[in-house]
Amino acid sequence: MDGRRISEIMSIRKIVTLPDPVLRTRARKIKVFDSKVQRLADDMLETMRAAPGVGLAAPQLGRSQRLILVEYAEADDDPEAPPVPPKLFVVANPEIVRHSTETVSANEGCLSIPGYLGEVERFQSITLRGYNLHGKPLRVKATGWLARIFQHEIDHLDGVLFIDRATQVWKVEDQEAVQVSPTQDESRKRQAVSS
């Protein structure tokens, strides 16, 4: 090693796609929060941003570990306002501990199922708990699109894909598969989000 910390050496990894069995397997809890977990998180971040996506789960990189990343910025109601920087969440062993009774349907896509979209019903708001990369407990309250992304990524940890929850699934042409940018307005939320 040339003196750099492991977390400073990131690499873009291949995103696994169906029918890879790791996508259908319940991931193992993380018990040791060491440099290997940090390296995985760093590689997940680099890979997610390069894809590009708004979320990624460790099984999507072929690792059966309960680790997710979500990077998203709520859109500002004022189109003239400067873009809101996205917030990054890195959560180990996440679990939803509370959710709204209200649900919302919207289109989703997935980096592990390229070329397909589906309409999926999700809870409007959730509270989740988990751990940061140092093993310290954390709690996140999320609503709207952010709650949807968290639910999508947590599903990956349980071997569940959006196509399992979708009321309908369709194949899209490349020019139709629109990636939702964290700074796009709410009207774009009916389009695909890839994670």
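The values are calculated or read from the model by the stated rules, or taken from the named source; none is laboratory data. Note that the coordinates shown come from a computational prediction; the quantities given were computed from them, not determined experimentally. Quick reminder, even Gly has a Cβ in these numbers, built from the backbone with ideal geometry, and neighbours come from all protein chains shown.
Would a scan of the stretch 158-170 turn up a residue that is at pLDDT below 95 and closer than 15 Å to Ser112 by Cα? I'd like the intermediate steps shown before the answer.
Keep residues of the stretch 158-170 that are at pLDDT below 95, which gives none.
Checked the stretch 158-170: no residue is at pLDDT below 95 and closer than 15 Å to Ser112 by Cα.
Filter the stretch 22-56 down to residues that are among the charged types (D, E, K, R), farther than 16 Å from His152 by Cα and not in a helix (DSSP H, G or I), then give me how many there are.
Initially, the stretch 22-56 is screened for residues among the charged types (D, E, K, R), giving 24, 26, 28-29, 31, 34, 36, 39, 42-43, 46, 49.
Next, only the ones that are farther than 16 Å from His152 by Cα stay: 28-29, 31, 34, 36, 39, 42-43, 46, 49.
Applying the additional criterion that residues be not in a helix (DSSP H, G or I) yields 28-29, 31, 34.
Counting residues in the stretch 22-56 that are among the charged types (D, E, K, R), farther than 16 Å from His152 by Cα and not in a helix (DSSP H, G or I) gives 4.
Taking into account only those residues within the stretch 54-78 that are under 19 Å from Thr143 (Cα atoms) and among the small types (Gly, Ala, Ser), which is surrounded by the fewest Cβ atoms within 10 Å (Cβ to Cβ)? I'd like the intermediate steps shown before the answer.
Step one: filter the stretch 54-78 for residues under 19 Å from Thr143 (Cα atoms), giving 54-56, 68-77.
If we keep only those that are among the small types (Gly, Ala, Ser) as well, we get 55, 73, 75.
Details: Gly55: 27, Ala73: 16, Ala75: 22.
Only one residue tops the list, namely Ala73.
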Which numbered condition trips up Val180, out of (1) at pLDDT 95 or above; (2) under 15 Å from Val70 (Cβ atoms); (3) β-branched (Val, Ile, Thr)? (1)
List the number of the failed condition for Lys87; all other conditions in (1) in contact with a strand residue (DSSP E or B) (Cβ under 8 Å, 6 or more places away or on another chain); (2) under 26 Å from Pro19 (Cα atoms); (3) among the charged types (D, E, K, R) hold. (2)
Taking the stretch 91-132, which residues are free of Cβ contacts under 8 Å to residues at least 60 places away in the same chain and touching a Gly at 6+ places or on another chain (Cβ under 9 Å)? Val91, Glu95, Val104, Tyr116, Gly118, Gln124, Ser125
Could you tell me whether any residue of the stretch 57-65 is at pLDDT 95 or above, out of contact with any strand residue (DSSP E or B) (no Cβ under 6 Å at 6 or more places or on another chain), on the phi > 0 side of the Ramachandran plot and small (Gly, Ala, Ser)? yes
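Here is a check on your reading of the model: is Glu153 out of contact with any helix residue (DSSP H, G or I) (no Cβ under 7 Å at 6 or more places or on another chain), without any contact (Cβ under 8 Å) to a residue 60 or more places away in the chain and among the charged types (D, E, K, R)? I'd like the intermediate steps shown before the answer.
Details: out of contact with any helix residue (DSSP H, G or I) (no Cβ under 7 Å at 6 or more places or on another chain): yes; without any contact (Cβ under 8 Å) to a residue 60 or more places away in the chain: no; among the charged types (D, E, K, R): yes.
Judged against the criteria, Glu153 is not a match.
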Looking only at the stretch 57-73, which residues are in a helix (DSSP H, G or I) and out of contact with any Ser or Thr (no Cβ under 6 Å at 6 or more places or on another chain)? Ala58, Pro59, Leu61
Enumeration of residues in the stretch 126-139 that are closer than 22 Å to Glu74 by Cβ and crowded, with 18+ Cβ neighbours inside 10 Å: Ile126, Leu128, Gly130
Extreme residue, modelled with the highest pLDDT, among residues of the stretch 183-195 that are part of a helix (DSSP H, G or I) and exposed (fewer than 15 other Cβ atoms within 10 Å of the Cβ): Glu186
What are the residues in the stretch 84-98 that are within 14 Å of the chain's Cα centre (by Cα) and either aliphatic (A, V, I, L, M) or under 12 Å from Glu74 (Cα atoms) (or both), if any? Pro86, Lys87, Leu88, Val90, Val91, Ala92
Give the residue that is nearest to the chain's Cα centre (by Cα), with candidates limited to residues of the stretch 155-173 that are surrounded by fewer than 22 Cβ atoms within 10 Å (Cβ to Cβ) and in a helix (DSSP H, G or I). Asp155
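Quick check on my filter: what residues within the stretch 111-145 are part of a helix (DSSP H, G or I) and either within 13 Å of Leu56 (Cα to Cα) or of a type outside the set (A, V, I, L, M, F, W, C) (or both)?
To start, the set of residues in the stretch 111-145 that are part of a helix (DSSP H, G or I) comprises 144-145.
Listed by number, the list holds a single entry, Gly144.
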